[in-house]
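Below is one structure, written out as structure tokens, with a few remarks after it.
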Amino acid sequence: MAAAVSALSSLGVPEADVGSEEEEEEEEAEPGPAAAAAAEQRREERLRRFRELHMKRYEACKLNSQEVVEEDKRLKLPPNWEAKKARLEWELQVQEKKKECAARGEDYERVKLLEISAEDAERWERKKKKKNPDLGFSDYAAAQLRQYQRLTRQIKPDLEQYEKLKEQYGEALYPNSDSLLHGTHVPSKEGVDRMVADLEKQIEKREKYSRRRPYNDDADIDYINERNAKFNQKAERFYGKYTAEIKQNLERGTAV
């Protein structure tokens, strides 16, 4: 160091300037407390950001795993599960509304009709006709099938009784070609009463449907036989409002 100072002094550089430069170099080599604090702060900031990125990555992996599990559950469900779920939720809402109406002493059917608009009623009626159109009588087999479908739609299964029978008979409840269950099943009194009430209702409806129309002695006779009378009744039903004026003119003799 002394040799460097003497060399610089020999070149005409003062010794005081040489000493000040050495002190500045020593200060730069050894940072102060403020610079150390700033460096430590920058280090803490980097660590904090690193921890945040690590937590975000962990949350993303967790959410991705949950979504994979949920998607696997959805794929295992039947294709019409959403419709069934919506139907069950709607039935629960209907049950709650029925209970509320019963608690207030109101008729649920009346309250429901008051909440339905005319447009919704017409749309549902069109949908109902489209779903189950009345094609009229074609043959007795079709009429019997239609009656069977109508009766089966009205059946409400008793799940409690089904569970009891399942516990009682076990696998024998589902017969096959080798099963022998004839005479082993005894229907309950409630089931017999329900069947009798349904048969009586069918008989009453059939009597009303097949009743003979009363004969009116004062009606105008515009037919020549029974078959012609039925034809005239059908024509009157479909075209009477269009031909009423023509018929009156013919009877008065003023028709042109």
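The values are calculated or read from the model by the stated rules, or taken from the named source; none is laboratory data. These numbers were taken from a predicted model, which means no experiment stands behind them. Positions of Cβ are backbone-derived with ideal geometry, glycine not excepted, and every protein chain shown enters the neighbour counts. Areas reflect the complete protein model, heavy atoms only, side chains present, ligands, DNA and RNA absent. Shrake-Rupley method; radii C 1.70, N 1.55, O 1.52, S 1.80 Å.
Here are some conditions: (1) at pLDDT below 85; (2) assigned to a helix (DSSP H, G or I). Y242 meets all but one. Which one does it not meet?
Of everything listed in (1) at pLDDT below 85; (2) assigned to a helix (DSSP H, G or I), Y242 misses just condition (1).
Scan region 33-41 and tell me whether some residue there is in a helix (DSSP H, G or I), modelled with pLDDT of 80 or more and either open to solvent by 100 Å² or more (accessible area, probe 1.4 Å) or charged (D, E, K, R) (or both).
Yes; the residues of region 33-41 include at least one that is in a helix (DSSP H, G or I), modelled with pLDDT of 80 or more and either open to solvent by 100 Å² or more (accessible area, probe 1.4 Å) or charged (D, E, K, R) (or both).
What's the number of the condition M195 fails, among (1) modelled with pLDDT under 80; (2) assigned to a helix (DSSP H, G or I)?
Checking M195 against (1) modelled with pLDDT under 80; (2) assigned to a helix (DSSP H, G or I), the one that fails is (1).
Does region 170-177 contain any residue that is surrounded by 10 or more Cβ atoms within 10 Å (Cβ to Cβ) and modelled with pLDDT of 85 or more?
Checked region 170-177: no residue is surrounded by 10 or more Cβ atoms within 10 Å (Cβ to Cβ) and modelled with pLDDT of 85 or more.
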